[in-house]
Amino acid sequence: MIQKPIPSLSCQLAFSCLCVKLETSKTLPNVLSVGLARLSRGPFCFRIKNQRVQKSSRQPHKFLCINSAISSQRSVLTPKLILPQLRKLLKELGLQALVVANTDPHLSEYPPAHFNRREFVSGFTGSAGTALVTEKSAILWTDGRYFLLAEKELDENWKLMKVGIAGFPTLEEFLSENLPKQSVVGIDPYSHSVSFVENLSKKLSIKDIYIRLLDTNPVDLLWNVGRPSLPTDSIRIHPLENAGQSCFEKLEDIRVRMQELNVDMLLVSLLDEIAWVLNLRGSDIPHCPVFLAYFLVGFNQNVLYVNREKIPSSVESYLYECNIDIKPYEAILPDLKKFSQDNRKIWYDPLSTNAALGFACQPGGFPQSTPISLMKAVKNDAEIRGMREAHIRDGVALVHFLNWLETEGISNGVSEFEAAEKLLEFRSRHAEFVTESFPTICGSGPNGAIIHYRPMPSDARPLSTKELILLDSGGQYMDGTTDVTRTFHFGTPSEKQRECFTRVLQGHISLDTAIFPKGTLGCLLDSYARRKLWEYGLDYRHGTGHGIGAALNVHEGPHSISPRMGNNVYLRPGMFVSNEPGFYEDGEFGIRIENILLVVEKDTPFRFGDIPFYGFEAFTIVPIQQKMIKIELLEKHEIDWIDRYHSRVWKILNPRVEDANVKEWLWKSTRPILSTSDKSFPEQQFSTSRRSFLGFFCGLLVSSLLPKKKQLQAVEMDNESLFISKQENKRPKIDPKISEPDITSKCFFDLKVENRGMKRVVIGLYGGVAPKTSQLFADLCDCNRSFSYLGSEVFRVIEGMNIQIGRKFSLEEVGDYKTANYDFLEDCCQFRHNMEGLVSMVRTKPSKDLDYRFFISTAPAPYLDDKYVTFGKVMEGMDWVHEIERLNTKKPSNQPILKVKVVACGQQKL
């Protein structure tokens, strides 16, 4: 999913500083509080099967709930019938215009259906957009994500204003230019932020146009049939093992900031911020694990304003332990007025607090962005761990779905809607799954060009082998939130489609591999994702990246990656952000590739200005369809990135996939992009059970003796693999049963050390053992093509691999070590694997040209002598380290001192 643009308004505006012309109508009763207090019927719990919803026996702690607030029911009134009645009502109220938003009093991006007023009036279902109704005009403003959707859903009475496109006026400009002096514009103060109202007021006052803050929204007077009730689902506790920080600790951090600014209270209005601070979750908003509430933080008292029916006894006890009082939801407004009259200095965010509450904090209010948004955005270790696991589960669900779609779904004529339901079914198989993180976007052909398209049963297109399919989906799990987009073609894509796809992929790779100094804003990275598209005269009308919550909203701030310059929050370690460039050919197809990235600190050779440099680690684990890629457009480092990514996907998901057919699909989908050898699945080499490291290793060795030889591709260890390795707490062991295979071929490197030539380094391949064992850890040879040995893939150099030179050493360190294979040892290296999962090749004898010992590893850290173990005794007399251990001799150290560069590599036969 792509995040709505973050407003670039100042957070320092004070209402008292503006010459604002406001009118307040008291002719209508204030029914908003009553409306907010209304109760809906109790929720029904469902488990998703083949249909959209079915009654379920899901356990109580699985929170997939659907009630009357989940989907907006169309009333008997249609937008065409609503407009005349609404205009008549505006005339009676003395209003020349009414601004209609589609949000709740918390300004949520995805509000409960009870607050979908703009959708009710206009018929437009997008998550972003503002409607304006005047005596003669009905206008909708929305951004580039929804241009096509708006054109599809708006009837002839409505005019579309395309935000960000030249020639289309803004809301403020339209009102200023088209309303006469002394006109009055109606605003629902609960549906618009303090900043929005203040800025609109300031601009319209120049034209002698007034703003009236309405006690009752006129749309509510018309929407009295078929309107969804307010949700009343129960609140649950978010476990500390997933939250990583207690409510007490978070509140203490907040109070430190309050004390620094000398404020008495902090008003928290955004629902995800409330859920995060309190370590609570709910289901009041579809796909977002939040609940309707306000939270007021003080030094001696904390108050949660919420409907008490939502609070079970366990949550009530928890809040009591946290020293948090509970008051009715509608009590927030009179309490703020009282505190303000008592001269309390109340801190609120003018961008995220509705105007009714913000103005109630005056005159002593402190309007400034609060610290919670940034605190929530920087994830702690527990949240990162949960996000990692959630993305692995999500990857398993997606590869099962994609295998089904390619082998069964397409041939059976499944529709976009049915495909989305099937994906939900696969995700629901995981016990930790809660619900989707947003409605699945499954767009085939021209529907893929509708950036936030949502298939419906009535008009969903059938998926076919003749069109591109764009699939954007995500899951809410108990410990994490996911969002992933892939684009597929299950037939023969056109050359234009493949070229556009490749350029989108190049932009994705460019951003993924970016390294940048501390203090870099997201807007400065946006062009990384667009450059390859720009070179071809292409672009896309949305941001490149949005923040994502940890078991919270799929869109969160304050950071983003976007061409808009208003966001001054720089990226920092612990933040998650999406990487989702795309291209959309109106009426033809859409392409988008999205991964979720974690900002991490990078180990760079230098630290300019003594500041750290940051980069990204991809958490999304889903294959990218290779048939869509035009390889001739790619540079070598881009090919390497694709191969490394797919190696990770295979390595991480393979142990989690038990279905043999899905495992074979995954294998074929993650093969090296330039591989010309057989991509058939080596069935005998991979068990569906989750075995120990030793069992897996032995299985590989046994498979090497089988007559049928299959391709194996080496992979690179990364942070995710190290994490898994540590979790499993396993280490390689020597298998004494390994026989002595023949030596039949070698790989070689030509190296330069400090720009000085070095003797060729040769790696012996011992039968099928070396390729297969190294497949678990690292590739070690490449000449821009694939090499084949006994049907197996020979190794290749990984971009960024560390080749390091250690200290000088002499043969005396080996003692009297002599074997018949001594001469071969001069050219041969052995694999070593330490307990941290690092892989190395250790030279066994000094070169005649350079008497330095060297090793090659996939990790930036030096070789850890005290922890490494031999990986396998593949030939008697070849295991040099094993021998010196037997002789009780000191192990040689491995402190890197010289820089090494690979200048050539290849394969040679003995």
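The values are calculated or read from the model by the stated rules, or taken from the named source; none is laboratory data. This structure is a prediction, so every number in the text was calculated from the model and none was measured. Because the Cβ atoms are built from the backbone with ideal geometry, glycine has one as well, and the counts that use them run over all protein chains shown.
Cβ-Cβ distances below 7 Å connect the following pairs, each with a first residue in region 105-118 that is under 19 Å from Thr353 (Cβ atoms), a second residue that is β-branched (Val, Ile, Thr) and not in a helix (DSSP H, G or I), and a separation of six or more residues or different chains: Ser108/Ile285; Tyr110/Ile285; Pro111/Thr103; Pro111/Ile285; Pro112/Ile285; Phe115/Thr103. Scanning region 269-291 for any residue that is assigned to a strand (DSSP E or B) and over 22 Å from Val434 (Cβ atoms) turns up nothing. All conditions but one from (1) surrounded by 22 or more Cβ atoms within 10 Å (Cβ to Cβ); (2) touching a Phe, Trp or Tyr at 6+ places or on another chain (Cβ under 8 Å); (3) within 17 Å of Gly445 (Cβ to Cβ); (4) in contact (Cβ under 8 Å) with a residue 60 or more places away in the chain apply to Asp483; the one that does not is (3). Do we find that Ala356 is in the same structural domain as Glu249 (by TED's automatic domain parsing), surrounded by 21 or more Cβ atoms within 10 Å (Cβ to Cβ) and farther than 27 Å from Gly545 by Cα in this structure? Judged against the criteria, Ala356 is a match.
For region 109-126, a residue qualifies if it is under 19 Å from Ala275 (Cβ atoms) and assigned to a loop (DSSP other than H, G, I, E, B), and the qualifying residues are Glu109, Tyr110, Pro111, Pro112.
For region 468-498, the set of residues classified as within 17 Å of Gly582 (Cβ to Cβ) and within 15 Å of the chain's Cα centre (by Cα) consists of Leu471, Asp472, Ser473, Gly474, Asp483, Val484, Thr485, Arg486, listed by residue number.
Looking across His400, His430, one residue alone is part of a helix (DSSP H, G or I) and touching a residue at least 24 places away in the same chain (Cβ under 8 Å). It is His400.
Inspect all residues belonging to region 595-602 and state whether any of them is of a type in the set (Lys, Arg), in contact with a strand residue (DSSP E or B) (Cβ under 8 Å, 6 or more places away or on another chain) and either surrounded by 15 or more Cβ atoms within 10 Å (Cβ to Cβ) or farther than 20 Å from Arg530 by Cβ (or both).
yes
Scanning region 235-250 for residues that are more than 26 Å from the chain's Cα centre (by Cα) and buried (at least 19 other Cβ atoms within 10 Å of the Cβ) yields no hits at all. Candidates Gln85, Gln96: the one that is over 25 Å from Val197 (Cα atoms), modelled with pLDDT of 90 or more and more than 34 Å from the chain's Cα centre (by Cα) is Gln85.
Results for (1) over 36 Å from the mean Cα position of the chain (by Cα); (2) over 30 Å from Val600 (Cβ atoms); (3) modelled with pLDDT of 95 or more, shown as yes or no for each residue.
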{"position": "Asp325", "(1), (2), (3)": "no, yes, yes"}
{"position": "Ala331", "(1), (2), (3)": "yes, yes, yes"}
{"position": "Asp342", "(1), (2), (3)": "yes, yes, no"}
{"position": "Asn354", "(1), (2), (3)": "no, yes, yes"}
{"position": "Leu357", "(1), (2), (3)": "no, yes, yes"}
{"position": "Ser369", "(1), (2), (3)": "no, no, no"}
{"position": "Ala377", "(1), (2), (3)": "no, no, yes"}
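Let me confirm something: among Glu617, Glu588, which residue is in the same structural domain as Val399 (by TED's automatic domain parsing), over 26 Å from Thr492 (Cβ atoms), in contact (Cβ under 8 Å) with a residue 40 or more places away in the chain and surrounded by fewer than 22 Cβ atoms within 10 Å (Cβ to Cβ)?
Glu617
Within the group His61, His106, which residue is at pLDDT 90 or above, in a loop (DSSP other than H, G, I, E, B), in the same structural domain as Tyr210 (by TED's automatic domain parsing) and not polar (S, T, N, Q)? From the options His61, His106, the qualifying one is His106. Can you say whether Tyr190 is in contact with a helix residue (DSSP H, G or I) (Cβ under 6 Å, 6 or more places away or on another chain), among the hydroxyl-bearing types (Ser, Thr, Tyr) and in contact (Cβ under 8 Å) with a residue 60 or more places away in the chain, as far as the supplied structure shows? Yes, satisfied. Checked against the criteria, Glu309 counts as surrounded by fewer than 22 Cβ atoms within 10 Å (Cβ to Cβ), in contact (Cβ under 8 Å) with a residue 12 or more places away in the chain and part of a helix (DSSP H, G or I).
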